Amino acid sequence: MDADTMIFVNLPVADLDRSIAFYEAIGGTKEPKFSNDKAAMIRLSGTIHVMLLAHDFYQGFTPKPIADAHATSAVLLAISAGSRSAVDAAIDRAAAAGGKPDIGPKQEMGEMMYGRSFEDPDGHHWEVMWMDEAAAEQGADSFESVGA
């Protein structure tokens, strides 16, 4: 894959309008060209998109039952933030929009990394992480030694 590869995260949602409002409130932008009464595309960045799919439409893509994300976990979705304060601001926006903040433990690794989490109205678990670029260049081993 090349650097401009896009990702489209497809999420089943119980109430499409509620989910659109939530993702717009946390900074996403609805793309009308790829939205209708069954699905909505929310642009989080130039390469990250969330496809909100009403349950009946989502079921057209898989024979598997839709998991209750409030009760089970299948994926942790992580996005980057530009600073520690941007992480906190993202979690505050999610909470103000009806999400549940800090469902997972805070990730604090000194001045190298900081992260918090939120759950959207359908229970999908998102992590918002900031990482110092210079520390990241040293690799994962440098992170592991901080917690030891």
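Quick look at the numbers
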quantity	calculated
Net charge of neighbours whose Cβ lies under 12 Å from the Cβ of Ser85, counting Lys and Arg as +1 and Asp and Glu as -1	0
Highest-MSF residue in the chain out of Ala14, Ala67, Ala89 [GNM, Cα springs under 10 Å]	Ala67
Approximate spin-label separation Glu24-Ala67, in nm, with each point projected 7 Å along Cα-to-Cβ	3.0 nm
Around Trp126: net Lys/Arg minus Asp/Glu count, Cβ-Cβ under 12 Å	-2
Karplus 3J(HN,Hα) series, Hz, for the stretch 8-22 with 6.51 cos²θ - 1.76 cosθ + 1.60 (x for Gly, Pro)	10, 8, 9, 10, x, 10, 7, 9, 4, 4, 4, 5, 4, 4, 4
Using alpha-carbon coordinates, inclination of helix 84-96 to the longest axis of the chain, degrees	30 degrees
Added length on full extension, which subtracts the Cα-Cα distance from 0.36 nm per residue, Asp17 to Ala135	38.4 nm
The stretch 24-34 - phi-based ³J(HN,Hα) in whole Hz, Karplus 6.51/-1.76/1.60, Gly and Pro as x	5, 5, 8, x, x, 10, 6, 9, x, 5, 10
Two-site label geometry, Glu108 and Thr5: point separation in nm, points 7 Å out along Cα→Cβ	3.5 nm
Of all accessible heavy-atom area on the stretch 23-148, the percent that carbon and sulfur account for (1.4 Å)	54 percent
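The values are calculated or read from the model by the stated rules, or taken from the named source; none is laboratory data. As the structure is a computational prediction, the values presented were derived from the model and not from experiment. Heads up, the Cβs are rebuilt from the backbone with ideal geometry, glycines too, and the neighbour counts pull from every protein chain shown. Heads up: the accessible areas ignore ligands, DNA and RNA and are worked out on the full protein's heavy atoms, side chains in. Shrake-Rupley method; radii C 1.70, N 1.55, O 1.52, S 1.80 Å.
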